[in-house]
Amino acid sequence: MSEGTGEGNDDAAPDREPNAMRRTLDLFVFAPVGLVLTAVEDLPGLIAKGRQRVETEVRNARAVGEFVVTQGQQEVTQRVGQLLHGHSNDEPVDGPSDGPSAHEPPSQPDQPAAAAAPPAPTPAPDPADGEAVERALAGYDTLSASQVVRRLESLGSDELRAVYRHEASHRNRRTILNRTSQLLEDSPSAP
């Protein structure tokens with residue numbers, strides 16, 4: 001029996017070598033050759049697929065970009081119309097309207113804002129407000145809006161009113177005006 005087993009082992013080893021050799025050739029020779037031949041044969045199809053996918057992605061990106069730009073232009077046109085002509089959100093800016101601004105095209109937002117009617121009258125400067133603001137916030141006229149807003153909470157109601165009047169009659173910075181109004185509304189001594 002040991003002889004048969006020994007002969008079987010000798011026979012199995014040569015069988016494994018051709019299989020191992022065949023697998024190695026398949027993996028390192030025939031597979032790459034097959035890939036190259038397939039790629040060469042299918043090259044026009046691969047090019048067409050690649051071109052189609054890239055063109056589709058570019059078309060999609062272009063459509064989304066045009067949509068976003070169009071929406072942004074409409075929104076900017078509406079806001080400029082609101083600022084310059086007092087349009088409401090319900091009125092189309094570029095459509096006909098009964099108002100006096102119907103003859104002006106919406107694509108002229110570079111007209112000076114001073115020509116439009118201001119939304120609220122600007123109060124006349126009061127030197128007393130300027131002095132009160134300077135006492136409360138030294139160097140006020142050199143401060144940025146964010147610097148002023150940070151310091152507003154430390155002021156009393158009278159000082160806040162002076163800041164509001166001074167800012168409204170000079171630089172009219174909306175951030176400062178809005179925050180001052182909020183603080184005055186929240187103040188317990190507000191009238």
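The values are calculated or read from the model by the stated rules, or taken from the named source; none is laboratory data. The structure presented is a predicted model; accordingly, all values stated were derived computationally and were not measured. All Cβ positions, even for glycine, are placed from backbone atoms using ideal geometry, and neighbour counts span all protein chains on display. In case anyone asks, the SASA skips ligands and DNA or RNA and just uses the protein heavy atoms, side chains included. Shrake-Rupley method; radii C 1.70, N 1.55, O 1.52, S 1.80 Å.
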Check: When you go through Arg150, Arg179, Arg174 one by one, which is the residue that is within 21 Å of Asp126 (Cβ to Cβ) and open to solvent by 100 Å² or more (accessible area, probe 1.4 Å)?
Finding: Arg174
Check: Here are some residues: Phe67, Phe28. Which one is at pLDDT 90 or above, part of a helix (DSSP H, G or I) and open to solvent by 70 Å² or more (accessible area, probe 1.4 Å)?
Finding: Phe28
Margin query: Which of the numbered conditions does Gly45 fail, given that it passes all the others? Conditions: (1) touching a Leu at 6+ places or on another chain (Cβ under 8 Å); (2) loosely packed, with under 10 Cβ neighbours inside 10 Å.
Written below: (1)
